1. If the requirement is being under 18 Å from V368 (Cβ atoms) and among the charged types (D, E, K, R), which of these qualifies: D198, D209?
2. Being among the acidic types (D, E), under 15 Å from T258 (Cβ atoms) and either buried (at least 16 other Cβ atoms within 10 Å of the Cβ) or modelled with pLDDT of 95 or more (or both): is that true of D209 here?
3. Suppose we filter V161, V144, V165 for residues that are more than 19 Å from the chain's Cα centre (by Cα) and either β-branched (V, I, T) or closer than 23 Å to S99 by Cα (or both); which single one remains?
4. Go through the range 213-248 and count every residue that is in a strand (DSSP E or B) and at pLDDT 95 or above.
5. Of all residues in the range 123-141, which are β-branched (V, I, T) and surrounded by fewer than 22 Cβ atoms within 10 Å (Cβ to Cβ)?
6. Give the residues of the range 260-273 that are surrounded by fewer than 24 Cβ atoms within 10 Å (Cβ to Cβ) and either more than 16 Å from the chain's Cα centre (by Cα) or closer than 12 Å to Q245 by Cα (or both), sorted by residue number.
Amino acid sequence: MRVVDALSAAALVLAGCDALPVGGNSQPSVRLEGDSFSVTTDNNYRAQVQLDVPEDAVSFQVTGDSNQYVGFESIQDPSGQTVLDSADWTRSDDQITLSFFPQRKTTAINWPVRGQDGPLTPGLWSVTLFTTDDAYYYKAHVDVDVSTELKFDPDLTRGHVSVQVVWADGVDQEPGVADAVEAATDRWAEIWGQQGIDVSYYYVTSKLDPRLRFFDDGDPEVTRIAEKKSPGDLQLIVGDMVGNQQNTFGIAAGIPGTVEPSPSTYVVLAWTTHAGKDRKFDQDEIRLMGETMAHECAHYTGLFHPVESSYDTWDALDDTPECKSAAACDSQLGQNVMYPYPICTGYSKCNPQGQLTGEQGQVMNQFVGAL
């Protein structure tokens, strides 16, 4: 998430189908194969999702959607070995996924996450999910709609991401906004292109409340819009503000987010926060908005901040240093697009942040939506 620091105006602080080619990629070998079914959690609040992974699959995503909160506990490979266990990470200073935490009624998990986590072994994989109520107490006998996606891609150094940009009600009619958003996507594409990911965009309108109050709980209208996108496409919703709060630039609905249509299939972006009090964009504000797009949508592919602004929690990647103070982190990581806040000399007069490391690129390229 990227927000404006409330303490200083001079600083900005910054989730059974046929195989289909996706995202405009013409290579038939690059595709997703999906399936959907339901499971019910047992007396121990858990359910097993089994996924038959063929030899040429490179990554998978499992999404759980329910009327209760959904989290993921572990992943076992075909030999029965646990390759990802929430117990190893929930008390760690390093972060690999938010899928362990039942923060929403729609939660996705992607595997492998990092380059070192792969490749996939063909065979029957098992993913364990669990359910809680909205007070985070475990809840048994809950029905969960499950969607699975298998990604087939012979080259994990290059990918293509298609983005459905959704205008909240009336936003595209605001003077200068459509032009600024389109210009900002150029900056986004430049940043992701460093890691071999090409980005393309198409635009749709909606009747979504431009105050984007739904960003915590989702919205059925988001599902209806997402059902119109191609499988694997990301969905970026542009509104006036996020949660009717002026200080938030944008939020991703998950780390990682789901590519499946759901009430929480989105990254949300606030144009007025970027444009400032005069609601008119200059070039620095457009660049900053493009960097927010790249930042929040990279969260959606599975990236964390390399260091949190508390300077005591880091991502699980080896090529982002574990700095431990504002001065050290600003110096070592301040140009990385995933840094938790821009380094600014005045409101929206912020230093460029356009770097991505090789391991960050591996996470993004393994995401099922990068095809």
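The values are calculated or read from the model by the stated rules, or taken from the named source; none is laboratory data. What you are looking at is a predicted structure, and each value in this text was computed from that prediction instead of being measured. So basically every Cβ, Gly included, is an ideal-geometry build from the backbone, and we count neighbours across all protein chains shown.
1. Values: D209 fails: under 18 Å from V368 (Cβ atoms).
Selected residue: D198, the only one of D198, D209 that is under 18 Å from V368 (Cβ atoms) and among the charged types (D, E, K, R).
2. On the way: among the acidic types (D, E): yes; under 15 Å from T258 (Cβ atoms): no; either buried (at least 16 other Cβ atoms within 10 Å of the Cβ) or modelled with pLDDT of 95 or more (or both): yes.
No; evaluated as a whole, the condition is false for this residue.
3. Numbers: V161 fails: more than 19 Å from the chain's Cα centre (by Cα); V165 fails: more than 19 Å from the chain's Cα centre (by Cα).
Testing whether each residue is more than 19 Å from the chain's Cα centre (by Cα) and either β-branched (V, I, T) or closer than 23 Å to S99 by Cα (or both) leaves just V144.
4. So the first thing to find is which residues in the range 213-248 are in a strand (DSSP E or B), and the list is 234-239, 242, 245, 248.
After this cut, where a residue has to be at pLDDT 95 or above as well, the list is 234-239, 242.
Selection size over the range 213-248: 7.
5. Within the range 123-141, the subset β-branched (V, I, T) is 127-128, 131-132.
T128, T132 - these are the residues of the range 123-141 that are β-branched (V, I, T) and surrounded by fewer than 22 Cβ atoms within 10 Å (Cβ to Cβ).
6. Of all residues in the range 260-273, those surrounded by fewer than 24 Cβ atoms within 10 Å (Cβ to Cβ) come to 261, 263, 272.
Once the filter is applied, which keeps residues that are surrounded by fewer than 24 Cβ atoms within 10 Å (Cβ to Cβ) and either more than 16 Å from the chain's Cα centre (by Cα) or closer than 12 Å to Q245 by Cα (or both), the range 260-273 yields only T272.
Here's the yes/no breakdown for (1) more than 24 Å from S59 (Cα to Cα); (2) of a type in the set (A, V, I, L, M, F, W, C); (3) out of contact with any Lys or Arg (no Cβ under 6 Å at 6 or more places or on another chain):
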| site | (1), (2), (3) |
| --- | --- |
| V144 | no, yes, yes |
| K151 | no, no, yes |
| D198 | no, no, yes |
| I225 | yes, yes, yes |
| I237 | yes, yes, yes |
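Per-residue answers, yes or no, for (1) surrounded by fewer than 22 Cβ atoms within 10 Å (Cβ to Cβ); (2) closer than 11 Å to V166 by Cα:
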residue	(1), (2)
Y201	yes, yes
T223	yes, no
I237	no, yes
N244	yes, no
T258	no, no
